[in-house]
Amino acid sequence: MQERLQICHIIFCHGDIDLGRLKYEALMISDFLKVIINKNQMKIKLITKISTVCETLNTCEIEKQMFQEFDKLIRLYLTVPVTTATAERTFSALNRVKNTLRSSMTQSRLNHCLLAHIYKEKLDKIDPYQILSAFISSNEQRRTFFGLIL
């Protein structure tokens with residue numbers, strides 16, 4: 001437990017959290033949460049989510065003051081998903097494109113399809129006839145081969 005607290009302190013919250021105080025709070029928090037749950041007659045059997053810890057600590061202001069470092073740590077943890085949402089959206093888009101076109105795609109084509117998928121709203125606003133006209137009219141051989149686009 002102590003190693004995990006040190007890693008968490010070094011990586012995520014250097015300077016924001018008092019590690020010594022957090023260690024003592026970590027030793028007391030599980031028993032204290034059980035007491036709060038029994039005292040308030042909450043229907044919680046096992047705490048498996050941070051939201052349950054937040055809900056339990058929010059029942060009384062005194063508990064929040066007793067576990068200030070734990071409260072800070074939870075607040076930091078709950079703000080992390082906000083900063084990683086863009087990256088997660090990109091990876092989920094990559095998975096959808098990969099699943100659809102997995103068999104016959106090179107890395108270059110995958111990159112182009114992924115960019116098109118991510119910026120779909122912007123691409124929907126572009127008029128394809130303007131792009132076709134510019135492409136065809138830039139070369140005499142293309143004009144002969146493709147003809148004129150309305």
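Details
- Looking across the range 24-40 at every residue that is surrounded by 11 or more Cβ atoms within 10 Å (Cβ to Cβ) and modelled with pLDDT under 75, the one that is nearest to the chain's Cα centre (by Cα) is identified as L33.
- Any hit, the range 103-118, residues being at pLDDT below 70 and either at positive phi or among the hydroxyl-bearing types (S, T, Y) (or both): yes
- Among the residues making up the range 41-57, those that are surrounded by 12 or more Cβ atoms within 10 Å (Cβ to Cβ) and either at pLDDT 75 or above or under 26 Å from the mean Cα position of the chain (by Cα) (or both) are I47, I50, T52, V53, C54, E55, T56, L57.
The values are calculated or read from the model by the stated rules, or taken from the named source; none is laboratory data. Note that the coordinates shown come from a computational prediction; the quantities given were computed from them, not determined experimentally. Cβ atoms come from the backbone with ideal geometry, glycine included; neighbour counts cover every protein chain shown.
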